[in-house]
Amino acid sequence: MRINNLDRYDDRITVKCNLIRAYPILQDFCKKHMDDRFYLENGQAVSPRDIIIRELISNTLIHREYLSAFPAKVIISRNEIVTENGSKAIYEGPLDLASFSPMPKNPLIANFFNSIGRADELGSGSKNLLKYVRIYSGEEPSLIEGNVFRARVPLVRNSKSFEIDPLVSDFVSNAINKKGYVTTVEVRDALGIDHKAAQRELLKLVSNGVLLAKGNTRARKYIAVSKDQ
């Protein structure tokens, strides 16, 4: 992890163990140094950060060229997370995440990770990465194939997004999970803030594309934006 000390590391781990043990160690390290961000999908709170980490770590472990002497790396900086991995490249250059057809490099490892729930079917990882990086930072990831495979995920939030009070995020998520909507009065009373402050927080979630306002001012309810909207 390089944020304050760009010449060395602010924090680091070296992982030398089997793939099953390596997965949670790398996952926990990334979670430690990446902000989590509130997002509702079909009325359920999901973590774009956790999905991004899952796809990056599983890709690093599954598709690595294990005959290569190049050490696999996961580097977190202030603005991005980058993975570097030895690879047996069939193609060299940037990959179009929306259209490329992946080739299995270690099918036995991929099938095993799929069977224990730590990876999805081939090709779904790149689609998940594209979708949830857009949600997380408002930008797009890049994958560059070669003898060293590099994945880059921007971590900087889209400048048009609003920061949301975590207490508001948690309350809104729980309320929508229970009954499908939340109101300004409920946020006001639950958090002990004035009516206008509660309304501002909900409107931020609307502006961020998380909530949708339904009804007129007095009877207005806020519902989750579905992924199809």
Using just the helices of the chain, give the 222 nm mean residue ellipticity in deg cm²/dmol: DSSP H runs with n ≥ 4 each add -39,500 (n - 2.57), and the total is spread over all residues, rounded to 500.
-12000 deg cm²/dmol
Output wanted: per-residue J couplings in Hz (rounded whole) for segment 8-20, from phi through Karplus 6.51 cos²θ - 1.76 cosθ + 1.60, θ = phi - 60°, x for Gly and Pro.
10, 9, 6, 7, 7, 9, 10, 10, 10, 7, 6, 5, 5
Around residue 68: net Lys/Arg minus Asp/Glu count, Cβ-Cβ under 13 Å
+2
Non-local amide H neighbours of residue 77 (under 5 Å, H modeled in plane, Pro and chain starts lacking H): which ones?
2, 82
In segment 104-200, what is the volume of the convex hull around the alpha carbon atoms, normalised per residue and reported in Å³?
143
Give, in nm to one decimal, the length gained when the segment between residue 121 and residue 13 is fully stretched (0.36 nm per residue of separation minus the Cα-Cα distance).
36.0 nm
Tell me, what is the percent relative contact order of segment 166-224, built from C-alpha pairs under 8 Å that lie six or more residues apart?
33
A correct Kirkwood calculation over the Cα atoms of the chain returns a hydrodynamic radius in Å of 19.5
List, in the order given, every pair from 73/105; 131/221; 32/127 whose Cα-Cα distance in the structure shown is over 22 Å.
131/221; 32/127
Which ³J(HN,Hα) values in Hz, rounded to whole numbers, follow from the phi angles of segment 31-43 under the Karplus curve 6.51 cos²θ - 1.76 cosθ + 1.60, where θ = phi - 60° and Gly and Pro get x?
4, 4, 10, 10, 5, 8, 9, 6, 8, 10, 10, 6, x
Using amide H atoms built in the peptide plane, which far-off residues or other-chain residues are under 5 Å from residue 65 H to H?
86, 87, 88
Sort out for me the Cα centre separation of segment 193-208 from segment 88-112, rounded to whole Å.
43
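Hey, can you rank 187-193, 201-207 by average C-beta count inside 10 Å, highest first?
201-207, 187-193
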Calculate one ³J(HN,Hα) per residue across segment 103-117 by plugging θ = phi - 60° into the Karplus curve 6.51 cos²θ - 1.76 cosθ + 1.60, and present them in order as whole Hz with x for glycine and proline.
10, x, 9, 9, x, 5, 5, 4, 5, 5, 4, 5, 5, 9, x
What is the magnitude of the charge dipole of the chain about its Cα centre, with +1 placed on the Cβ of each Lys and Arg, -1 on the Cβ of each Asp and Glu, and no other charges, expressed in debye to the nearest 20?
340
Just want the answer: with Cβ charges of +1 for Lys and Arg and -1 for Asp and Glu, which residue in 147, 109, 81 is farthest toward the dipole's positive end in the chain?
81
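None of the figures in this text is laboratory data; all of them are computed from the coordinates on show. Bear in mind the structure is a predicted one, so any value in this text is a computation, not a measurement. So basically every Cβ, Gly included, is an ideal-geometry build from the backbone, and we count neighbours across all protein chains shown.
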